[in-house]
Structure formats: structure tokens, C-alpha cells
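> A single structure is presented below for examination.
Just so it is clear, none of the values below were taken in a lab; they were calculated from the coordinates. All figures in this text were calculated on a predicted structure; none of them were measured in a lab. No Cβ is skipped: glycine too gets one built from the backbone with ideal geometry, and neighbour counts run over all protein chains shown.
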Amino acid sequence: MKNINILLAWILLISCNVGTNKSANQLWEAAQQNRIKENLKDSITGYKEILSRYPDHDLSAKAQFQIADIYLNDTKDFEYAVNEFKKVVDKHSNHEVAKKSLFMIAYIYNNYLDAYSDAIIHYNLFKEQYPDDELIPSVQFELEGLKVIQSTIDSLNLTVNIKSNI
């Protein structure tokens, strides 16, 4: 009887760990499938598992980007999307998706959050860090549209500075 209990305990332990040995690629595929099926919670959970179990894997940066993209495009939580894109830039700065993330931060600030100063800062940071990138024409287009707003921001800042010096 004692041996049966030990055997049952061992089987239970093994069965509980069956899903935990998935590779980064398997987790990625499952998260992608969940996103296609619009199971966003499960998709984010899968991407986060990649981040926690495989932080140095190439898919880790892509998983963080996908989380940000879900908040941007699927749930329309723009502030949270910015925070998630910032994680890509901070934690995976040498990965290709960091560049896209920096652009998306600026784009969201400009087009969804009306945070024009932040948009200008991040677009200029993009130009500085990636001067020869294929997104530079888009960055320049966005900055061109922000010139009028930049003039207003500058004049308001000047007014505030003058009043504070009086």
C-alpha cells in the first residue's frame, strides 16, 4: 500500500509538471494562437511566461513587444501600451523590436494621448539613435505636423518662465 501511495504521488508530480517544460518556441506558438483566437489574457500570460522563463531568448523581446501591441491594438489601453513598449526599449535595447517600440511610443503620445512634448522628445530620440532607419521619413512627417504645436509649447513655456521671474 505504501508503494502505491508513493507511485501515485510520483505520477501526480509528473503530471503537474507536464506543461512546464515547454520551449520558448512552443510558448510563443501557443501565445500567438491565443491571440488569433482573441484569448488575450491567455496570450499575454504565454508571452509573460517567455519573459520569465527565457529572458535572454530572442523571443523574449518579441514577446514583450506583442504584449505592448495587444494593449495598443486589441484593448486600446494606450497608456499601458506605452509602458509596455518602454519595457522593450529598456530591457531589449539591442533588439530590432526596440527600434519599432521607440517609434510606437512617440506615435502613441502624438496620435492617441495628445502628449505632444513627449512625442517630440521620443521622435527626436529615434532620429538620434537610428538616423538611417527606414522609419525616418515617417518620423520627419510626424515632427513636421508637430511644428505648430511645438511653437505653441515654446511660447507657453516662455510665458511661464517670464511670470516666474517677475
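> Consider the range 48-80. How many of its residues are part of a helix (DSSP H, G or I), closer than 14 Å to Ala31 by Cβ and of a type outside the set (A, V, I, L, M, F, W, C)?
Matching residues across the range 48-80 total 10.
> May I ask you to list the residues in the range 34-47 that are part of a helix (DSSP H, G or I) and not polar (S, T, N, Q)?
So the first thing to find is which residues in the range 34-47 are part of a helix (DSSP H, G or I), and the list is 34-36, 40-47.
Hits for the range 34-47 are Arg35, Ile36, Leu40, Lys41, Asp42, Ile44, Gly46, Tyr47.
> Report yes if Leu125 is assigned to a loop (DSSP other than H, G, I, E, B), of a type outside the set (Gly, Ala, Ser) and surrounded by fewer than 20 Cβ atoms within 10 Å (Cβ to Cβ), otherwise no.
On the way: assigned to a loop (DSSP other than H, G, I, E, B): no; of a type outside the set (Gly, Ala, Ser): yes; surrounded by fewer than 20 Cβ atoms within 10 Å (Cβ to Cβ): yes.
Against the criterion (assigned to a loop (DSSP other than H, G, I, E, B), of a type outside the set (Gly, Ala, Ser) and surrounded by fewer than 20 Cβ atoms within 10 Å (Cβ to Cβ)), Leu125 does not qualify.
> If you don't mind, another one. Among the residues of the range 68-90, count how many are in contact with an Asp or Glu (Cβ under 6 Å, 6 or more places away or on another chain) and not hydrophobic (A, V, I, L, M, F, W, C). Show your work before the answer.
So in the range 68-90, the residues in contact with an Asp or Glu (Cβ under 6 Å, 6 or more places away or on another chain) come out as 68, 71.
Still in the running and not hydrophobic (A, V, I, L, M, F, W, C): 71.
Residues flagged as in contact with an Asp or Glu (Cβ under 6 Å, 6 or more places away or on another chain) and not hydrophobic (A, V, I, L, M, F, W, C) within the range 68-90 amount to 1.
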